[in-house]
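Below: the structure, in structure tokens.
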Amino acid sequence: MTDSLHILHGDELVGRIDYERKRDAISLHYEDEWRFGAGGFPVSVAKSEVLKIGDMKVLNVERYDRLPDAAGVRVARLHQEDVCQALGHLPNSKYESEGGPSASDVVRLLRAESSDFEEDVSRFVMALAINWVIYGSDAHSKNYSLIHVPGSYLRLAPLYDIASNLPYEGNPKSRKHKLAMKVGGDYQLHRIARKSWRKFADESGLDPVMVDVSVELMIDKIENHVRATAEQVSNHCETDFIEGLCGMILERVEVCRDAMG
């Protein structure tokens with residue numbers, strides 16, 4: 001049996017989500033995740049596109065853990081393990097608050113195992129920054145993975161399950177928002193500032209200047225890309241929802257920029 005190269009997500013496959021009024025699950029997925037696949041964004045993500053199969057709108061996600069041969073006949077399955085698994089934690093301990101891995105634990109894992117530590121740790125720091133800015137509250141240790149690349153290389157896998165919780169919370173300035181992993185000892189978004197990122201750098205043995213630059217870069221990139229990506233997906237989603245989400249993320253951009261001041 002040939003391994004699949006794609007995963008399809010659609011309304012009939014994943015159900016519907018209701019907040020104030022119904023929004024289809026596919027919209028929530030690709031409106032958040034497509035943004036980071038925009039050209040020039042300095043992180044790698046799982047590639048995706050929207051297809052229409054009959055009357056169903058489907059998100060087609062390309063599997064990065066599959067490697068077809070040159071003829072496209074045989075498909076090799078690349079071994080992948082999430083960070084929770086790689087660090088020997090049970091799946092029910094995926095959140096740091098429940099005894100799961102911390103952001104510094106992930107850095108130490110990459111330092112010990114990655115075939116390109118500098119690039120992978122830079123991508124990981126940027127991923128942390130993305131989730132801080134967009135309120136990606138579910139970026140736990142099972143949502144970061146290591147992939148075994150042919151030639152005995154081990155790398156941080158492309159990012160996946162990037163999702164903002166702002167559509168549910170509705171208030172970008174809420175003091176209740178929390179992350180799945182602490183940054184400098186804090187889960188709460190409103191308490192995270194430059195000093196938090198500096199503390200995280202110190203705890204993780206990282207250059208604080210590199211961390212500062214990575215975080216500030218992501219703030220700028222998100223601001224520059226959110227509108228452009230909204231235009232790309234406007235043909236597939238409701239404009240009012242996109243505008244609302246963009247507005248909240250742009251508000252978070254300013255909050256985070258002030259916090260880094």
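The table below gives the values:
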{"item": "Sole residue being within 23 Å of L109 (Cβ to Cβ) and basic (K, R), chosen from K195, K221, K182", "result": "K182"}
{"item": "Evaluation of P150 against (1) surrounded by fewer than 17 Cβ atoms within 10 Å (Cβ to Cβ); (2) under 24 Å from E254 (Cβ atoms); (3) out of contact with any His (no Cβ under 9 Å at 6 or more places or on another chain); (4) not basic (K, R) (one fails), failing number", "result": "(2)"}
{"item": "Some residue of the stretch 190-207 being among the hydroxyl-bearing types (S, T, Y), free of Cβ contacts under 8 Å to residues at least 40 places away in the same chain and loosely packed, with under 14 Cβ neighbours inside 10 Å", "result": "no"}
{"item": "Qualifying positions in the stretch 188-202 - within 19 Å of G100 (Cα to Cα) and modelled with pLDDT of 95 or more", "result": "F200"}
{"item": "Residue satisfying all of: in the stretch 101-122; outside any helix (DSSP H, G or I) and closer than 15 Å to A86 by Cβ; farthest from the chain's Cα centre (by Cα) among these", "result": "S115"}
{"item": "Residue selected from the stretch 203-238 under the condition small (G, A, S) and assigned to a helix (DSSP H, G or I), by the criterion modelled with the highest pLDDT", "result": "S204"}
{"item": "Criterion: more than 28 Å from I222 (Cβ to Cβ), out of contact with any Pro (no Cβ under 6 Å at 6 or more places or on another chain) and loosely packed, with under 15 Cβ neighbours inside 10 Å - qualifying residue of E113, E118", "result": "E113"}
{"item": "Conditions (1) in contact with a Pro (Cβ under 8 Å, 6 or more places away or on another chain); (2) more than 24 Å from R252 (Cα to Cα); (3) at pLDDT below 75; number of the one not met by R63", "result": "(1)"}
{"item": "Residue match in the stretch 210-228 (condition: without any contact (Cβ under 8 Å) to a residue 60 or more places away in the chain, surrounded by fewer than 19 Cβ atoms within 10 Å (Cβ to Cβ) and in contact with a Ser or Thr (Cβ under 9 Å, 6 or more places away or on another chain))", "result": "no"}
{"item": "Extreme residue, farthest from the chain's Cα centre (by Cα), among residues of the stretch 162-176 that are surrounded by 15 or more Cβ atoms within 10 Å (Cβ to Cβ) and in contact (Cβ under 8 Å) with a residue 40 or more places away in the chain", "result": "P172"}
{"item": "Residue match in the stretch 159-167 (condition: at pLDDT below 90 and assigned to a helix (DSSP H, G or I))", "result": "yes"}
{"item": "Failed item, numbered, when M126 is tested on (1) of a type in the set (A, V, I, L, M); (2) surrounded by fewer than 23 Cβ atoms within 10 Å (Cβ to Cβ); (3) not in a helix (DSSP H, G or I)", "result": "(3)"}
{"item": "Matching residues, the stretch 177-187, being buried (at least 17 other Cβ atoms within 10 Å of the Cβ) and either out of contact with any helix residue (DSSP H, G or I) (no Cβ under 9 Å at 6 or more places or on another chain) or in a loop (DSSP other than H, G, I, E, B) (or both)", "result": "H177, G184"}
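To keep it simple, each residue is scored yes or no on (1) surrounded by 15 or more Cβ atoms within 10 Å (Cβ to Cβ); (2) modelled with pLDDT of 95 or more; (3) within 21 Å of the chain's Cα centre (by Cα).
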{"residue": "G37", "(1), (2), (3)": "yes, no, yes"}
{"residue": "K47", "(1), (2), (3)": "no, no, yes"}
{"residue": "L59", "(1), (2), (3)": "yes, no, yes"}
{"residue": "A71", "(1), (2), (3)": "no, no, no"}
{"residue": "P91", "(1), (2), (3)": "no, no, yes"}
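The values are calculated or read from the model by the stated rules, or taken from the named source; none is laboratory data. Nothing here was measured: the structure is a model prediction, and the numbers come from that model. A quick note on method: Cβ atoms are made from the backbone with ideal geometry, for glycine too, and the neighbour counts reach across all protein chains shown.
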